[in-house]
Amino acid sequence: MELEEMRAFFTARADIYDAHMLEEVEGCREAYAELAQLLPKDCETLLDLGCGTGLELDGLFRLFPNLKVTGVDLTQAMLDKLLEKYPNKALTLICGDYCAVPFGQGLFDCALSVQTMHHFTHGQKTALYRKICAALKPDGVYIECDYMVMEQAEEDFYFATYARLRKEQRLPDDVSVHYDTPCTIENQIHMLQTAGFKTVGQQFRKGNTTILSALKKQR
């Protein structure tokens, strides 16, 4: 398979993204409904990483109509779709790489990512989780809905295949391409704890779609 540059991959699929996630990815439709129930009841500010077209926001805005959302996504075409859906909501949208975009310190009640973190190494994720933890208020919560696997052998297979493909296609280290490298739930929890989250737990799983919640402060 030919690996596609990350931004180009999602730009080319902006028009079909919603249908794909809702109809073809097992557990996603149910997970979108579940996410809103996991936000703190007093949540006012949300950092949405890899927000895409904003599929998760429909359920959130039903429960939190005045929610202030800062969304970061690599693809302007996705952000344009999001704005079409929610023209009257309190949105601050940033087109950029959330690994590089600064989030600030102690600004958000909650941070969220949906089906976007399964493209990174353990080191990249742990560094990103530290940024997320720092961006949350003292009693903030991070919620991650993502593609996760159960067995270490499965995770190892995906990472090894990805490394082989990059080598065969002679891709420079600084070129970001689309390929799924899901981690085990156990490894995900460990990375979040290493990054500073005090309480991490699984909240939902259907198929490989899994939701974890991570609390900044012990409760």
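The values are calculated or read from the model by the stated rules, or taken from the named source; none is laboratory data. A quick note: this is a predicted structure, and the numbers were derived from the prediction, not measured. Virtual Cβ from ideal backbone geometry, glycine too; neighbours counted across all protein chains shown. Heads up: the accessible areas ignore ligands, DNA and RNA and are worked out on the full protein's heavy atoms, side chains in. Shrake-Rupley method; radii C 1.70, N 1.55, O 1.52, S 1.80 Å.
Tabulated data
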{"quantity": "Tabulated pairs, region 146-163, first within 12 Å of Asn187 (Cα to Cα) and without any contact (Cβ under 8 Å) to a residue 60 or more places away in the chain, second among the polar types (S, T, N, Q) and in a strand (DSSP E or B), C-beta under 6 angstrom, 6+ apart or interchain", "calculated": "Val149/Thr184; Gln152/Thr184; Glu155/Thr184"}
{"quantity": "Wholly enclosed helices (runs of 4 or more DSSP H) of region 1-48 bearing at least 2 residues farther than 18 Å from Gln203 by Cα", "calculated": "6-12, 17-24"}
{"quantity": "Helices (runs of 4 or more DSSP H) wholly inside region 108-219 that include at least 1 residues being within 13 Å of the chain's Cα centre (by Cα), surrounded by 15 or more Cβ atoms within 10 Å (Cβ to Cβ) and of a type in the set (A, V, I, L, M)", "calculated": "122-135"}
{"quantity": "Subset tally (residues that are in contact with a helix residue (DSSP H, G or I) (Cβ under 9 Å, 6 or more places away or on another chain), assigned to a loop (DSSP other than H, G, I, E, B) and either free of Cβ contacts under 8 Å to residues at least 40 places away in the same chain or open to solvent by less than 10 Å² (accessible area, probe 1.4 Å) (or both)) for region 60-82", "calculated": "3"}
{"quantity": "Selection within region 1-60 - out of contact with any strand residue (DSSP E or B) (no Cβ under 8 Å at 6 or more places or on another chain) and among the aliphatic types (A, V, I, L, M)", "calculated": "Met1, Ala8, Ala12, Ala14, Ile16, Ala19, Met21, Leu22, Ala33, Ala36"}
{"quantity": "Qualifying positions in region 14-59 - open to solvent by 10 Å² or more (accessible area, probe 1.4 Å), touching a residue at least 40 places away in the same chain (Cβ under 8 Å) and either among the basic types (Lys, Arg) or at positive phi (or both)", "calculated": "Gly50"}
{"quantity": "Residues within region 1-12 that are open to solvent by less than 70 Å² (accessible area, probe 1.4 Å) and either out of contact with any helix residue (DSSP H, G or I) (no Cβ under 9 Å at 6 or more places or on another chain) or without any contact (Cβ under 8 Å) to a residue 24 or more places away in the chain (or both), tallied", "calculated": "3"}
{"quantity": "Top-ranked residue in region 83-107 [being of a type in the set (Phe, Trp, Tyr) and touching an Asp or Glu at 6+ places or on another chain (Cβ under 9 Å); ranked as surrounded by the most Cβ atoms within 10 Å (Cβ to Cβ)]", "calculated": "Tyr98"}
{"quantity": "Inter-residue pairs, beta-carbon under 8 Å, first of a type in the set (Asp, Glu) and in region 187-201, second assigned to a loop (DSSP other than H, G, I, E, B) and surrounded by 20 or more Cβ atoms within 10 Å (Cβ to Cβ), 6+ apart", "calculated": "none"}
{"quantity": "Region 114-125 residues that are without any contact (Cβ under 8 Å) to a residue 60 or more places away in the chain, paired with ones that are part of a loop (DSSP other than H, G, I, E, B) and hydrophobic (A, V, I, L, M, F, W, C) (beta carbon under 8 Å, 6 or more apart)", "calculated": "Gln124/Cys99"}
{"quantity": "Which numbered condition Thr161 fails, given (1) closer than 27 Å to Arg29 by Cα; (2) touching a Ser or Thr at 6+ places or on another chain (Cβ under 9 Å)", "calculated": "(1)"}
